Amino acid sequence: MSALLHPARLRLGVNIDHVATIRNARGGEHPDPVRAAALIAQYGGDGITAHLREDRRHIRDEDLARIQAATDLPLNLEMAATDEMLAIALRHKPHAACIVPERREERTTEGGLDAAGQHNRLVPIVSALRDAGIRVSLFIAPDERQIEAAMRLGAPVVELHTGEYAHAEGEDRSRELRRIADMAALAAKNGIEPHAGHGLTYDNVQPIAAIPQLAELNIGHYLIGEAIFCGLETSVRRMRELMDAAR
Ligand code: PXP
């Protein structure tokens, strides 16, 4: 594709949650997600993504400051829309915050944040993050209603949930891909920067990476899983190559 159609390089944010999942399985310090974050910077990752869950099942509070100190890569903090997480985000001031659903009632049928149904709860959280200079993103299903809700909320970024695409096969996958492409175009047309993520692998990343409006992919579980077999450097560099080749 021409450089005109793809003016900017597609960024790769690497989600390091599952390094922490393995660490926490033994309750000690190894493997340290902070070491992964520092290496990802060397291996061509453009950002670090980490989800501080309410139950702290992987990333812990103290990891955030350590990640920020260990690398110059921008940190994208995934967080539930709660007062507790807002206070943590305002304290750490990550480059970006991506609001994700954690409880059943916060989700759309496709699993993204119900930005339309949760409008009133999201208004103060989005504006507090924005006022603090944190780039706000909403993790939503590729659905027109959710894009419109993101516009009403003044979110500068949406991350389109690729989970349905990743799990679908055949014609269902093609339909889901078209939905993601259409919603990326709709977001961009309305001044919202579209990102995408969830369930992406070497096998399914390229049709998503080829969507011209997408500015960033966030990928975690597969990269960390592959790293067990071939190392983190190989898994991150291979994903980077596949993304670049798709553009
Ligand atoms: N983007 C968001 C908002 C996420 O919550 C996650 C983790 O579920 C990812 C991307 C990465 O998904 P995966 O680990 O399946 O690559």
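Please treat every number below as a calculation from the coordinates, not as lab data. Source: prediction; values computed, not measured. Glycine gets a Cβ as well: all are built from the backbone with ideal geometry, and neighbour counts include every protein chain shown.
Please verify whether Ala20 is of a type in the set (Gly, Ala, Ser), surrounded by 19 or more Cβ atoms within 10 Å (Cβ to Cβ) and not in a loop (DSSP other than H, G, I, E, B), treating the condition exactly as stated. Lay out the reasoning, then the answer.
Values: of a type in the set (Gly, Ala, Ser): yes; surrounded by 19 or more Cβ atoms within 10 Å (Cβ to Cβ): yes; not in a loop (DSSP other than H, G, I, E, B): yes.
Answer is yes for this residue.
So, in segment 58-87, how many residues would count as being surrounded by 17 or more Cβ atoms within 10 Å (Cβ to Cβ) and either of a type in the set (Lys, Arg) or more than 15 Å from the ligand (Cβ to nearest atom) (or both)?
So the answer is 8.
One line per residue, one yes/no per condition, for (1) out of contact with any Phe, Trp or Tyr (no Cβ under 7 Å at 6 or more places or on another chain); (2) closer than 20 Å to Phe139 by Cβ; (3) touching a residue at least 40 places away in the same chain (Cβ under 8 Å):
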site: Glu29; (1), (2), (3): yes, no, no
site: Leu39; (1), (2), (3): yes, no, yes
site: Gly45; (1), (2), (3): yes, yes, yes
site: His51; (1), (2), (3): yes, yes, yes
site: Asp83; (1), (2), (3): yes, yes, no
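Restricting the search to segment 25-56, which residues are in a loop (DSSP other than H, G, I, E, B), under 22 Å from Ala227 (Cβ atoms) and under 18 Å from the mean Cα position of the chain (by Cα)?
So the first thing to find is which residues in segment 25-56 are in a loop (DSSP other than H, G, I, E, B), and the list is 27-32, 43-46, 52-56.
The next check asks that each one be under 22 Å from Ala227 (Cβ atoms); those that pass are 27-32, 43-46, 52-53.
Once the filter is applied, which keeps residues that are in a loop (DSSP other than H, G, I, E, B), under 22 Å from Ala227 (Cβ atoms) and under 18 Å from the mean Cα position of the chain (by Cα), segment 25-56 yields Gly44, Gly45, Asp46, Leu52, Arg53.
Just checking, which of Ile219, Ile224, Ile208, Ile192 is within 12 Å of the ligand (Cβ to nearest atom), out of contact with any His (no Cβ under 9 Å at 6 or more places or on another chain) and closer than 19 Å to Gly13 by Cα? Break it down stepwise before answering.
Values: Ile219 fails: out of contact with any His (no Cβ under 9 Å at 6 or more places or on another chain); Ile224 fails: out of contact with any His (no Cβ under 9 Å at 6 or more places or on another chain); Ile192 fails: within 12 Å of the ligand (Cβ to nearest atom).
Step by step, each of Ile219, Ile224, Ile208, Ile192 is checked, and only Ile208 is within 12 Å of the ligand (Cβ to nearest atom), out of contact with any His (no Cβ under 9 Å at 6 or more places or on another chain) and closer than 19 Å to Gly13 by Cα.
From the list Arg145, Arg178, Arg173, which one is more than 14 Å from the ligand (Cβ to nearest atom), under 30 Å from Thr21 (Cα atoms) and of a type outside the set (A, V, I, L, M)?
On the way: Arg145 fails: under 30 Å from Thr21 (Cα atoms); Arg178 fails: under 30 Å from Thr21 (Cα atoms).
Exactly one residue qualifies, and that residue is Arg173.
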